[in-house]
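One structure is given below, encoded as structure tokens.
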Amino acid sequence: MSILQSAPALGTHPAGGSLPSRAETRDQMSRATYDLLVIGGGILGISTAWHASQSGLRVALVDGGDFAGATSSASSKLLHGGLRYLQTGAVKLVAENHFERRAVSRQVAPHLANPLTFYLPVYKGGPHGAAKLGAGVFAYSALSAFGDGVGHVISPAKARRAVPELRTDNLKAVAVYGDDQMNDARMALMTVRAAVESGATVLNHASVTGLRFTQGRVTGAELRDNMDGSEFGVDARLVLNATGPWVDHLRKMEDPGADPSIRLSKGAHLVLKRSAPWQAALATPIDKYRITFALPWEDMLLLGTTDESYEGEPADVSVTEKDIHQILDEASLSVRDQQLSRDLITYSFAGLRVLPGGPGDTSTAKRETVVTEGRGGMLSVAGGKWTTFRHIGRTVMNKLADLPGHPLSDHMEPIADLPKKLPLPGISNPKAVAHRLMIDGGGAGPSMAEDTAHHLATHYGSLAFDIVRLANEHPELGERMHPQAPEIWAQAVYARDHEWAETVDDVLRRRTTLTIRGLDTDAVRARVEELLAQPRRS
């Protein structure tokens, strides 16, 4: 891989040309017959659409909200092997997770993922001893082929220098290991873009109102465009239900008598302003199985997560006062009080983990991916975790190839023949991109502020140069969206023209970080709404 791969010219769409209008996309979807209709624009559906379109299938992808608008943008933002899985002896699973983590962070999306050192503090009276955790992090790093260094134990004093807010009362030692971190919404959007580059047709904010049947088989869906109320339909040889927490809702459209197939676990997080720079993350054991995280992320601090059974409507999930109290209380085991002031909280979010149905505590349940076929032939995929999103896409494709009565294998390349580590758009060395932007604006204009250059490089990779060219052509778009945020207004226009942003929240919550920083003021929102109302640039 070259340090800087050339970016497509500004104004080009990933599939060649500007984004089609929603009306054009609806018309295309309603006229075609697709090999595969993927319902659900979370990372499971997006990854499957990407792999299916790579294999030569004609693919359509729809979501009732925004891409990664629910669970997939409400994660702990980690690509990790799963240290806690060693507790249950799942050594093979940890090794497989590490393989996928390294592939994504090294070959597939090094511009969107970054290595992160973790400190696992050992306190007097805690659930684990220093020797046990030291052995655990060594084994964990060994399963990653020591690609992130050798897991080891350091003194509290050394750890405090990297994490100034670390609580050192009764701290005996600190175990050290490595994993990776990302912005989940940005990773999902780049995967959508990769699917479109491979030929997929996609539409967000389009809800399924019913399924189409031919001789008892599911052969498409009826949809409503939530942006203008238009109704349309899509025909497909096979339909994949990848709706995450809503998977059983769609299964009941296929078969009203379908039994529940999943259970839901709620995970809540808090985002806080950081009182000092952190050079490492904290992973603090709560009990034998649970860990609470304090993660430096987007120049802030991300705390969480909770884990409790959830039985309400998926759309109603939210962060409660109980969640806030629990997260701050658990964080206080290893983080000093001044960093945990409620005044520092800028944002909170909750998501739902999709777990296989069955008994037992959700905190010990395996994050398995389950693919089932309904009585109408619709496939449903549920479960899994962010780290293995590529593997999940391959798993579904293998299932498609083996389906009796669905000869999609006649129209697709074997999944084993596809590139193993196909990169996501914008792949580049983010440090090199940021350096170039700071030197001469990527060759397109004046130098750029360090924080904005770093932000663009780590959220767009080489595609950052498209945004800079846009800002240089229209200087008002080079201004910051908020004085305290690194984003510039060109990103909002780019989100509208090239990243399927339709609403203010699409822009401020998932294509930029203004909302999570607590900077989505009325003035900012009004300006974004004004930009979204303007026609897309060709």
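Between Glu476 and Ala23, 0.36 nm times their residue separation minus their Cα-Cα distance comes to what?
The Glu476-Ala23 span can extend by a further 160.1 nm.
Estimate the FRET efficiency between Thr214 and Ala432 by the formula 1/(1 + (r/R0)^6), using the beta-carbon distance for r and 45 Å for R0, to the nearest 0.05.
With R0 = 45 Å, the Cβ-Cβ based efficiency is 0.30.
If you take every DSSP beta bridge whose two residues both sit in the chain, what share of them, in percent to the nearest 5, is antiparallel?
Restricted to the chain, the bridges split so that about 80 percent are antiparallel.
Output the peptides 383-390, 24-31 sorted from most to least packed, where packing is the average of other Cβ atoms within 10 Å over each peptide's residues.
So the peptides 383-390, 24-31, ranked by packing, come out 383-390, 24-31.
Please sort 225-233, 43-51 by packing, taking for each peptide the average over its residues of neighbouring beta carbons within 10 angstrom, highest first.
The densest-packed peptide leads the list: 43-51, 225-233.
Return the carbon/sulfur percentage of the accessible area of the chain, one whole number, probe 1.4 Å, all protein chains in place.
51
Before anything else, pin down the relative contact order of the chain: Cα pairs under 8 Å, at least 6 apart, normalised by residue count, whole percent.
Relative contact order, the chain: 20 percent.
Given an 8 Å cut-off on Cα distances and at least 6 residues of separation, report the relative contact order of the range 236-340 as a percent.
About 27 percent, as a whole number.
Given a 1.4 Å probe and heavy atoms of the protein chains only, how would you sort Phe146, Phe349, largest accessible area at the top?
Accessible-area ranking of Phe146, Phe349, largest first: Phe146, Phe349.
What full-extension length gain, to one decimal in nm, is calculated for Lys124 and Thr521 as 0.36 nm per residue of separation minus the Cα-Cα distance?
Full extension of this stretch gives 138.5 nm more.
Take the Cα of Lys288, step 7 Å along the line toward its Cβ, and report every residue of the range 85-103 whose backbone nitrogen sits under 11 Å from that point.
88
At what distance in nm do the modelled label points of Thr33 and Asp451 sit from each other, each positioned 7 Å from its Cα along Cα→Cβ?
Reported label-point gap for Thr33 and Asp451 is 5.6 nm.
Keeping all protein chains in place, calculate the accessible area per residue for the range 166-311 (probe 1.4 angstrom), answer in Å².
Using a 1.4 Å probe on heavy atoms only, each residue of the range 166-311 averages 34 Å².
Using Cα pairs under 8 angstrom and six or more residues apart, how large is the relative contact order of the range 65-210, in percent?
With pairs under 8 Å counted, the relative contact order is 34 percent.
Of Ile345, Ile392, which has the most accessible area with a 1.4 Å probe, and how do the rest follow in descending order?
Output order, biggest surface exposure first: Ile345, Ile392.
With every protein chain kept in the model, how would you rank His435, His474, His205 by accessible area, 1.4 Å probe, largest at the top?
Of His435, His474, His205, the descending order of accessible area is His435, His474, His205.
Can you work out the FRET efficiency for the pair Glu529 and Lys172, with r the C-beta to C-beta distance and R0 = 60 Å, to the nearest 0.05?
For Glu529 and Lys172, the calculated efficiency is 0.65.
The values are calculated or read from the model by the stated rules, or taken from the named source; none is laboratory data. Since the model is a prediction, treat every value here as computed from it, not as a measurement. Note: ideal-geometry Cβ built from the backbone for every residue, glycine included; neighbour counts use all protein chains shown. Surface accessibility is based on the protein's heavy atoms, side chains included, excluding ligands, DNA and RNA. Shrake-Rupley method; radii C 1.70, N 1.55, O 1.52, S 1.80 Å.
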